[in-house]
1. In this structure, does residue 348 turn out to be part of a helix (DSSP H, G or I), in contact with a strand residue (DSSP E or B) (Cβ under 6 Å, 6 or more places away or on another chain) and at pLDDT below 80?
2. Which of the residues that make up the range 397-444 are in a strand (DSSP E or B), under 23 Å from residue 358 (Cα atoms) and either at pLDDT below 85 or over 25 Å from the mean Cα position of the chain (by Cα) (or both)?
3. Name the residues in the range 362-390 that are assigned to a strand (DSSP E or B) and in contact with a helix residue (DSSP H, G or I) (Cβ under 6 Å, 6 or more places away or on another chain), would you?
4. Would you please list the contacts, defined by Cβ atoms under 8 Å and residues six or more apart or on different chains, that run from a residue in the range 17-44 that is assigned by TED's automatic domain parsing to the domain that holds residue 210 to a residue that is at pLDDT 70 or above and loosely packed, with under 12 Cβ neighbours inside 10 Å?
5. Would you check which residues across the range 317-337 are touching a residue at least 12 places away in the same chain (Cβ under 8 Å) and surrounded by 13 or more Cβ atoms within 10 Å (Cβ to Cβ) and list them?
6. Just to be sure, is residue 447 modelled with pLDDT of 70 or more and within 17 Å of residue 369 (Cα to Cα)?
7. Take residue 199 and tell me if it is surrounded by fewer than 19 Cβ atoms within 10 Å (Cβ to Cβ), within 47 Å of the chain's Cα centre (by Cα) and in the same structural domain as residue 111 (by TED's automatic domain parsing).
8. So which residues in the range 420-444 are touching a strand residue (DSSP E or B) at 6+ places or on another chain (Cβ under 7 Å), over 19 Å from residue 374 (Cα atoms) and free of Cβ contacts under 8 Å to residues at least 24 places away in the same chain?
């Protein structure tokens, strides 16, 4: 055994804490304190029940001594021993309700007292050469009811064995000359070692089970919290999807009514004017036809912008790189905001799957919309690159920032839950780092198929 292993063994012997168990369970000192409190509570309860059980069996079998153990000299010793054990048990149960700092002393007094009373009684009945001596062995396991430090386990069991030997041989020194005294004491030593070994195994198992149970409870709590958080996000997202759908429908209806309706109404009036003029005053209609052409051009532009808002053709025709450049250029044209784009691996962006390109574009669109509307930023930097196994999009601004724990950034919008759901739909991941007054950094990572990685 090398020096580090020796130190670990000494630490375990002194504290009862196995470093391997601590490493596996991720326990802290507070967890060990919780275990000590748990063990203390369980030990008190188990000690009381053990005392009551021993008194119950003692009283239950007391009446049977007269006809089961009708041997010379046995009845008086058993009667006195049972009476003493019963009184002692009552005293120990009552003493277990003392202030907590005295409870360990009461527990050890009870354990030593029970072993001594049993040994004293059995010593009066027969010597080591009889079977009576061997009835002492079960009482050496009384310390197993509670967890102990390894060194404490060793010396406490040895103390119980010494109490047994003193109570057995001191009042009856003639037993020392019994031919079986040596072998009986040696067998008692074996029982002591067995009790210590079982106790050390149980103590380690108790600590291990408690710490891993605590770990599982925390994982369950974390999982429940994550499920609740995800459920809340999904509910908020569903609400947003419905709201966004209605808003988009209302926007389309409003745009068609206000813009296209006005254009068509103007065209209808100009055609009516042109027809009337042609009927009353035949001649050139260049001015009216020019106005109609201008209205048609305006209507075409409005319709094209509306279709671009729904889905820009540049994304389908030229790919994500060109679409991102178009979106960044439009954002950069806004007053008071400088927006730049850095693209790495542009030669492969056109080969991206449609669903990946669409998710990346929509997240970029929402992120830049939030920068424009809510961040109060003067500069935004968009980075788009292809890693070996993923498409990475980063949007960094120098705006006011916000609390990432909020379900949505200030002002509403699709918000973080919506963008995350888009990413999860294609197996991606979205992270957000933001500090008030220091801007926001959004990072989107979308996995790529094998043919795209090549």
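1. Details: part of a helix (DSSP H, G or I): yes; in contact with a strand residue (DSSP E or B) (Cβ under 6 Å, 6 or more places away or on another chain): yes; at pLDDT below 80: yes.
Criteria met by residue 348.
2. Residues satisfying the conditions are 397, 440, 441.
3. Filtering the range 362-390 for residues assigned to a strand (DSSP E or B) gives 379-386, 390.
Of everything in the range 362-390, those that are assigned to a strand (DSSP E or B) and in contact with a helix residue (DSSP H, G or I) (Cβ under 6 Å, 6 or more places away or on another chain) turn out to be 380, 382, 384, 386.
4. Sorted first by the residue in the range 17-44, then by its partner, the pairs are 40/100.
5. 318, 319, 320, 321, 323, 324, 325, 326, 327, 328, 331, 337
6. Numbers: modelled with pLDDT of 70 or more: yes; within 17 Å of residue 369 (Cα to Cα): no.
No, not satisfied.
7. no
8. 427, 429
The values are calculated or read from the model by the stated rules, or taken from the named source; none is laboratory data. Computed from a predicted structure; not experimentally measured. Neighbour counts are summed over all protein chains in view; Cβ atoms, including those assigned to glycine, are modelled from backbone coordinates with ideal geometry.
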